[in-house]
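Working notes for the structure below.
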Amino acid sequence: MATERTFSIIKPDATRRNLTGAINAVIEKAGLRIVAQRRILMTQAEAKIFYAVHKERPFYGELVEMMSSAPVVVQVLEGDNAIAKYREVMGATNPANAAEGTIRKSFALSMGENSVHGSDSPDNAAAEIAQFFCGNDIVG
Ligand code: ATP
Ligand code: MG
């Protein structure tokens, strides 16, 4: 299995409830390494670029508003098969459908306030990491 990197965001609903450490513990317990991490206040412009794939969706405005409403923690996670593994660890987008033990099952409030983001493909992981981190910021 190849070592991969994926991009993660601990979203505003989670930072607001002081859940950064609890979520990081789930990530690390799953065998993923946090090789870069920064707490930021995402601007609306950054959120719009980040979620541009969803710009035609009815929830886009709400999503951009939510992502810039409070601090987020942007992260690079590394491990075997990290992209698919982190999607598994996060659980389904809608927490009502998320499996037991997943981050979204344990912590998410709703479909919109679902605590974490994770890249869904190698191309998106590379683009998302590059939006928030320089090479020197990532120490594996
Ligand atoms: P993410 O991209 O954040 O990791 P995801 O890949 O599981 O989540 P997407 O379909 O890419 O889900 O949707 C991106 C985000 O948009 C979701 O995580 C959620 O916060 C929000 N979202 C998706 N669908 C809805 C909806 N129907 N109503 C409100 N918000 C939604
Ligand atoms: Mg997505």
Considering segment 74-102, residues that are acidic (Asp, Glu) and away from ligand 1 (no atom under 12 Å from the Cβ), and then whichever is surrounded by the most Cβ atoms within 10 Å (Cβ to Cβ), we arrive at 78
Per-region count, segment 115-137, residues in a loop (DSSP other than H, G, I, E, B), within 13 Å of residue 8 (Cβ to Cβ) and touching a helix residue (DSSP H, G or I) at 6+ places or on another chain (Cβ under 9 Å): 3
Which of the residues that make up segment 81-95 are within 15 Å of the chain's Cα centre (by Cα) and assigned to a loop (DSSP other than H, G, I, E, B)? 91, 92, 93, 94
If the Cβ limit is 7 Å and pairs must be 6+ apart or interchain, which residue in segment 105-116 that is in contact (Cβ under 8 Å) with a residue 40 or more places away in the chain pairs with which residue that is more than 7 Å from ligand 1 (Cβ to nearest atom) and of a type in the set (S, T, N, Q)? 107/115; 108/115; 116/8
In segment 39-73, residue nearest to residue 117 (Cα to Cα) [restricted to those that are loosely packed, with under 13 Cβ neighbours inside 10 Å and of a type in the set (Lys, Arg)]: 39
Positions within segment 96-112 being away from ligand 2 (no atom under 15 Å from the Cβ), touching a Pro at 6+ places or on another chain (Cβ under 8 Å) and either more than 20 Å from residue 13 (Cβ to Cβ) or in a loop (DSSP other than H, G, I, E, B) (or both), in sequence order: 109, 110
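Every number in this text was worked out from the coordinates using simple rules, so none of it is lab data. Keep in mind it's a predicted model, so treat the numbers as computed, not measured. As a convention, Cβ positions derive from the backbone with ideal geometry for all residues, glycine included, and neighbour counts pool all protein chains shown.
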